[in-house]
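A quick write-up on the structure given underneath.
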Amino acid sequence: MKLESKIPAGPLAEKWARHKFSLKLVNPANKRKYEIIVVGTGLAGASAAASLAELGYNVKAFCFQDSPRRAHSIAAQGGINAAKNYQNDGDSVFRLFYDTIKGGDYRAREANVHRLAEVSVNIIDQCVAQGVPFAREYGGTLANRSFGGAQVSRTFYARGQTGQQLLLGAYSALSRQVANGKVKLYPRTEMLDLVVEGGKARGIITRNLITGKIESHSAHAVLLCTGGYGNVFYLSTNAMGSNVTAAWRAHKKGALFGNPCFTQIHPTCIPVSGHYQSKLTLMSESLRNDGRVWAPKSKEDAVRIQKGEIKPTDLAEDARDYFLERRYPAFGNLVPRDVASRNAKYVCDEGRGVSKTGLAVYLDFADAIKRDGRKTIEAKYGNLFEMYEKITGENPYELPMMIYPAVHYTMGGLWVDYNLMTTIPGLYALGEANFSDHGANRLGASALMQGLADGYFVIPYTVGDYLATIGPADKIPVDSPAFKEAEQKVHAQVNQLLSIKGERPVDDLHKELGHIMWEYCGMSRTAEGLKLAKQKIQALKKEFWTNVKVLGDSEEMNQALEQAARVADFIELGELMVDDALNREESCGGHFREEHQTPDGEALRDDENFAYVAAWEYQGENQPELLNKEILEFENVKLTQRSYK
Amino acid sequence: MKINLKVWRQKNNNTAGKLVDYQLDNVSEDMSFLEMFDVLNDSLTRKGEDPVTFDHDCREGICGMCSMYINGRAHGPQTGATTCQLHMRSFNDGDTIVVEPWRARAFPVIKDLMVDRSAFDRIIQSGGYVSVNTGSARDANEILIPRTVADEAMDAAACIGCGACVAACKNASAMLFVSAKVSQLAILPQGHSEHKERAERMVAQMDAEGFGACSFTGACSVECPKSISLDHIARMNREYLGAKLSSENVQG
Ligand SMILES: Cc1cc2nc3c(=O)[nH]c(=O)nc-3n(C[C@H](O)[C@H](O)[C@H](O)COP(=O)(O)OP(=O)(O)OC[C@H]3O[C@@H](n4cnc5c(N)ncnc54)[C@H](O)[C@@H]3O)c2cc1C
Ligand code: SF4
Ligand code: FES
């Protein structure tokens, strides 16, 4: 397939403005003749649905939670970047662009990232106008902080609940359009297939999660804003329901999947406590500004700590290894997420991990408390310390916190062109669901920015161009054969899941998949391990389809059934992630292939051979997928090796 | 530890429900309350019995999805926490725990412990927003908002829409939820101009949904996982509603 990124010509800083001018417009009186389906009501979906409805389009918005306000964007804590330069500290659109491209280890498109940086300033204006209570200075201006190692303070935040406040802002705009009759909401409704006819996206098939009813919805365009797929690892910081089903089923209908192996592992999460663990909780990255990361120097001490014979505070200073400070004297505890995560893993692999499981390292605030006083630390991190204590039952003012890396974000996703359109005309992907602007590694506070940029400021322009091209008559009714056939397939899959009547509950199989992915396709990867993982996943797929146990009926609320369909898709996605990781014979950002590292153990990129987006094309059940490459051109930045020594 | 559970089981909204006894022998105190339910559901499934349906998603106290009424308290014995943030170390070996859904006329049971809270969405739709379109905003720093005001708005905005306030209230009133949104938007300059109409419409919608009247007992605020203050109810009554507690602006 020929991939056309549709990147506009012209100088970087003028591309978006020129492109907006060249896009076709839908006449205001004609907008109400178009229907748009928006799947997902997170930052990307809610902002898109509200903005499109304001323009006059008829929108149908879907989510699987009971309310659009509960999309997983709600859980983002830290903040949102914008190149406002309110602090006069040298920030600019170009600097935000540059930091984001570099942070992504040069695996994103220059033009997209620059547009993101441009519209970042409008996002803050929009959110403030909606009543989002961002943090303020005493004088009343907006407050900023520096986040994720950035050298400027460009992060806007609302306490530790930035995602919640941004989402509630978008949700309120969405609710206003529901009241205006321009948006029809479908909560507790899951998209289970995409309908493609005549080479265009025509609508979706859904299941009403309360009644189990399978339904068809037809539209002129479909926007997938369905979030990330971190739950392929079973344990992650994502919500329990986060899934890949909508994107995956679109992939199987012809939408290419970009860079599936690019996953972000966050270094500061609360460690696993037992086999019953269902999810992992993120502790804000800001903790690394004051906490010192360490593990015992000797294995013997680590074992005594694991057994509970001694406490960490019993270990003398010279028996501790502050491994980040030791290896990276310049950046110390503030090295990027991927570097911090990998180093914690190595320490634990050496047997020097702590906690009962041996899978944790310390994040110690004792020195910070001694230096600044408990009061200051409490003011900065009080709510995080409280949250930690609620979950672990330990007091972090007295004992060092225990942390371990966890899957947090997926940079990969549906391949989209500059207009956010997938390879299926009329099908768009926004937010974390697309392969995105974050390259191989996302910087902190930039996912919220991207979701809202896509929804508020990009899609309202680009979707109009498509709609104006096809015209209002180009839509097919829900009783046409394409819809009926897709409905039949969904029915058949639902019935098949219920009829297997095997031995193993869905979660049990999901855990096994997660284990394989974490072990072989997680923080560090080898060709050998990936090949083994592929075999294991294929075997698991067979096991799933012969031995899953889903009770109950299809015509009722059936949570196990919902989850079974999601896990089935995760298994297939897992295999593709492994293929992608195997294909990418380099290390970049969150993708670390042990075969490709510098003599001192850092990621070694291969720009000559791998400066491309890997876009995978589905070839049919159990067939290897076809690799398509979108070569990335860098005209405005020079590719350099990251160094944090 | 050993835990005896009495769990509300109800097939759907048309059938009667009842409490059913379950026993779990191997509960770890580090488990979250919902993880204990995962363990229960795993064993029920293996035995061929229908697992318990309950709402949950983020499991970190922010989405507002989880909603269990535990031993007579919304979200259980801990204050300032949601059900998903509750851990088994809050209980003792051998305890009997009664788990029910939120009970309110406006929150009908869907199945087992899951209820329908779409009434909350309709209340927000009736006025819980600032009327501004995408693209028409001015520079964010042109609106100066003193930190104290921003902080107060943030306190109100922290509501997660879980409905525990309704479940805790003997009248099943949604006043705390409504007043939190009214208050947040009214104290910010961006939302001020619409404040009166907003309050009227939201209260009217609350009545239309079948929530009860507020008799200011304060039970809601005690059980609220975000400790939303009763001050918001007082402010709403005083400043935005006056004596008028319903309006012709009601929709649907
Ligand atoms: C704990 C945590 C903290 C984070 N902190 C930050 C931060 O500080 N700063 C930052 O920039 N980023 C942060 N991120 C990342 C950021 O929050 C997410 O990338 C972003 O919010 C994703 O938004 P979204 O709109 O793409 O998807 P989501 O918010 O995940 O929304 C997905 C939507 O799709 C719906 N959906 C999914 N599948 C289906 C289906 N099949 N049918 C119907 N509906 C479906 C869901 O119901 C939901 O409405 C954080 C992420 C996590 C997990
Ligand atoms: S006011 Fe409190 S209890 Fe009521 S919905 Fe909001 S967070 Fe839940
Ligand atoms: S599951 Fe999200 S608040 Fe409890």
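Protein chains only, probe 1.4 Å: how do B:Glu49, A:Glu635 rank by accessible area, largest first?
Highest to lowest solvent-accessible surface, that is A:Glu635, B:Glu49.
How big is the Rg/Rh ratio for region A:267-406, C-alpha atoms only, Rh by Kirkwood, two decimals? The partial results should precede the final answer.
Numbers: Rg = 13.9 Å, Rh = 15.0 Å.
With Rh from the inverse mean 1/r over Cα pairs, Rg/Rh is 0.93.
So how much accessible surface do A and B hide from each other in total, probe 1.4 Å, in square angstrom to the nearest 100?
Details: alone 25040 and 12560 Å², together 31320 Å².
Protein heavy atoms only, the A-B interface buries about 6300 Å².
Setting aside same-chain residues fewer than 8 positions from A:Lys484, which lysines have a Cα under 21 Å from its Cα?
Of all the lysines, those that pass the test against A:Lys484 - Cα under 21 Å, at least 8 places apart if same chain - are A:Lys60, A:Lys200, A:Lys213, A:Lys252, A:Lys253, A:Lys475.
Remind me, what semi-axes does region B:131-252 give for its equivalent ellipsoid, largest first in whole Å, using sqrt of 5 times each Cα gyration tensor eigenvalue? Please report the intermediate quantities before stating the final value.
On the way: eigenvalues 127, 64, 31 Å².
Listed largest to smallest, the semi-axes of region B:131-252 are 25, 18, 12 Å.
Using a 1.4 Å probe on the protein chains only, how many percent of the accessible area of region B:3-111 belongs to carbon and sulfur? Kindly include the intermediate steps, with their values, before the conclusion.
Numbers: 1820 of 4130 Å².
Ligands and nucleic acids excluded, carbon and sulfur reach 44 percent.
State, to one decimal in nm, how far the label point of A:Glu528 lies from the label point of B:Thr217, with both points 7 Å from Cα in the Cβ direction.
The two pseudo-label positions are separated by 6.7 nm.
Please give the peptides B:216-222, A:477-483 ranked by average Cβ packing (other Cβ atoms within 10 Å per residue), highest first, as a rough proxy for protection. Present the calculation step by step, with values, prior to reporting the outcome.
Values: B:216-222: 17.0, A:477-483: 14.4.
The packing order, highest mean first, is B:216-222, A:477-483.
Any chance you could list the semi-axes, whole Å, largest first, of the equivalent ellipsoid that the Cα gyration tensor gives for region A:1-60, using √(5λ)?
Details: eigenvalues 132, 54, 33 Å².
Result for region A:1-60: semi-axes of 26, 16, 13 Å.
Please give the Cα centre distance for region A:578-594 versus region A:323-354, rounded to the nearest Å.
20
Please turn the phi angles of region A:465-480 into ³J(HN,Hα) values with the Karplus equation 6.51 cos²θ - 1.76 cosθ + 1.60 (θ = phi - 60°), one per residue in order, whole Hz, x for glycine and proline.
Computed from phi, the couplings for region A:465-480 are 4, 5, 4, 5, 6, 7, x, x, 6, 7, 8, 10, x, 6, 9, 6 Hz.
Can you pull the three principal axis extents for the Cα set of region A:405-460, in Å, largest first?
38, 21, 14
Mind listing the phi-derived Karplus ³J(HN,Hα) values for region A:375-381, rounded to whole Hz, using 6.51, -1.76 and 1.60 with θ = phi - 60°, and x for any glycine or proline?
Here the 3J(HN,Hα) series is 4, 4, 5, 5, 4, 6, 10 Hz.
Once you average over the residues of A:176-187, how many Cβ atoms of partner chains fall within 10 Å of each Cβ? Please report the intermediate quantities before stating the final value.
Numbers: counts 9, 3, 4, 11, 1, 0, 0, 1, 0, 4, 0, 4.
For peptide A:176-187, the averaged partner shielding equals 3.
What fraction, in whole percent, of alpha-carbon pairs in the protein assembly as shown exceed 36 Å separation? All intermediate terms of the calculation are to be shown ahead of the outcome.
Details: 183034 of 401856 pairs.
In whole percent, the share of Cα-Cα pairs in the protein assembly as shown beyond 36 Å is 46.
How shielded is B:36-48 by partner chains, expressed as the average number of their Cβ atoms within 10 Å of its Cβ atoms? Show your work: numbers first, answer last.
Values: counts 1, 1, 6, 3, 0, 4, 6, 1, 2, 11, 5, 1, 3.
If you average over the peptide's residues, the count of other-chain Cβ atoms is 3.
Amide H to amide H, which residues 5 or more places from A:Leu223 or on other chains are under 5 Å from it, using H placed in the peptide plane?
The answer is A:Ile37, A:Val38, A:Val39, A:Tyr428.
Please report, for the Cα atoms of region A:454-575, the Rg to one decimal and the Dmax as a whole number; what are they, in angstrom?
Here Rg and the maximum Cα pair distance are 19.9, 53 Å.
Anything over 28 Å Cα to Cα? Flag those among A:Lys102/A:Lys645; A:Lys279/A:Lys645; A:Lys297/A:Lys375, in the order listed. Provide the component values of the computation, followed by the final result.
Working: A:Lys102/A:Lys645 17 Å; A:Lys279/A:Lys645 33 Å; A:Lys297/A:Lys375 31 Å.
Table pairs above 28 Å Cα-Cα are A:Lys279/A:Lys645; A:Lys297/A:Lys375.
Which of A:Lys501/A:Lys541; A:Lys356/A:Lys511; A:Lys2/A:Lys534 have a Cα-Cα distance over 24 Å?
On the way: A:Lys501/A:Lys541 16 Å; A:Lys356/A:Lys511 20 Å; A:Lys2/A:Lys534 28 Å.
Distance filter (> 24 Å) returns A:Lys2/A:Lys534.
Under a point spin-label approximation (7 Å from Cα along Cα-to-Cβ), what is the B:Val20-A:Arg32 distance to one decimal in nm?
In this crude spin-label approximation the distance works out to 5.1 nm.
What does a probe at B:Lys6 reach in region B:105-147, counting residues whose amide N is under 19 Å from the point 7 Å along Cα→Cβ?
What the label zone holds, given the 19 Å backbone N cut-off, is B:112-114.
Mind checking the alpha-carbon convex hull of region A:478-541 and giving the volume per residue in Å³?
134
Taking the mean number of other Cβ atoms within 10 Å as a proxy for protection, how do you rank A:86-96, B:227-237 from highest to lowest? Working shown, then result.
Details: A:86-96: 16.9, B:227-237: 19.3.
The peptides rank, most packed first, as B:227-237, A:86-96.
Taking the mean number of other Cβ atoms within 10 Å as a proxy for protection, how do you rank A:261-270, B:73-82 from highest to lowest? Intermediate values should be presented prior to the final figure.
On the way: A:261-270: 26.4, B:73-82: 20.1.
Those peptides, ordered most packed to least, come out A:261-270, B:73-82.
Please report the relative contact order for chain B, taking Cα pairs under 8 Å with a sequence separation of at least 6, and give it as a percent rounded to a whole number.
Relative CO of chain B lands at 19 percent.
Can you send over the carbon and sulfur percentage of the accessible area for chain A, probe radius 1.4 Å, protein chains only? Numbers along the way, then the final one.
On the way: 10960 of 21890 Å².
Carbon and sulfur together cover 50 percent of it.
I need to check one value: relative contact order of chain A, counting alpha carbon pairs closer than 8 Å and at least 6 residues apart, in percent. Each step should come with its number before you reach the end.
Numbers: 1387 pairs, mean separation 129.8, N = 645.
RCO, chain A: 20 percent.
What residues qualify as long-range amide H neighbours of B:Ile110, i.e. H under 5 Å apart, gap of 5 or more or another chain, H built at 1.01 Å from N?
B:Val115, B:Asp116
³J(HN,Hα) across region B:188-196 via Karplus (A = 6.51, B = -1.76, C = 1.60, θ = phi - 60°), whole Hz, x for Gly/Pro?
After applying 6.51 cos²θ - 1.76 cosθ + 1.60, I find 8, x, 4, x, 5, 4, 9, 4, 5 Hz.
Can you list the residues, at least 5 places off or on another chain, whose amide H is less than 5 Å from the amide H of B:Val20, using H built in the peptide plane?
B:Val7, B:Trp8, B:Arg9
What are the radius of gyration and Dmax of region B:3-111, computed over its Cα atoms and given in Å?
Gyration radius and largest Cα-Cα distance of region B:3-111: 13.4, 37 Å.
Which FRET efficiency, nearest 0.05, do B:Asp207 and B:Arg103 yield, Cβ-Cβ r, R0 25 Å? Don't jump to the answer; show the numbers that get you there.
On the way: r = 19 Å, r/R0 = 0.76.
It comes to 0.85.
Hey, how many Å between the Cα centroid of region A:470-548 and the Cα centroid of region A:409-451?
Cα centroid to Cα centroid, the span is 22 Å.
Report the relative contact order of region B:3-111, percent, no decimals, based on alpha-carbon pairs under 8 angstrom and at least 6 residues apart. Display every interim value, and only then the final one.
Values: 175 pairs, mean separation 37.0, N = 109.
This gives 34 percent for region B:3-111.
Stretch A:Leu12-A:Gln488 to full length: gain in nm at 0.36 nm per residue minus the Cα-Cα span?
Working: separation 476, 0.36 × 476 = 171.36 nm, distance 4.74 nm.
Length difference between fully extended and current span is 166.6 nm.
Gap in Å between the Cα centre of region B:120-155 and the Cα centre of region A:259-279?
Rounded to whole Å, the Cα centres lie 34 Å apart.
Considering every residue in A:120-130, what mean count of other chain Cβ atoms within 10 Å of its Cβ is obtained? The partial results should precede the final answer.
Details: counts 0, 2, 5, 2, 4, 9, 7, 2, 12, 12, 10.
Average neighbour count from other chains, rounded to a whole number: 6.
Relative to 2.2 N^0.38 Å, what does the C-alpha radius of gyration of chain B come to as a ratio? Two decimals please. Present the calculation step by step, with values, prior to reporting the outcome.
Details: Rg = 20.1 Å, N = 252, 2.2 N^0.38 = 18.0 Å.
My calculation over the Cα atoms of chain B gives 1.12.
The values are calculated or read from the model by the stated rules, or taken from the named source; none is laboratory data. Computed from a predicted model, the values in this text were never measured in an experiment. Counting neighbours? That spans all protein chains shown, and the Cβs are built from the backbone with ideal geometry, glycine included. What goes into the accessible areas is simple: the full protein's heavy atoms, side chains included, and nothing from ligands, DNA or RNA. Shrake-Rupley method; radii C 1.70, N 1.55, O 1.52, S 1.80 Å.
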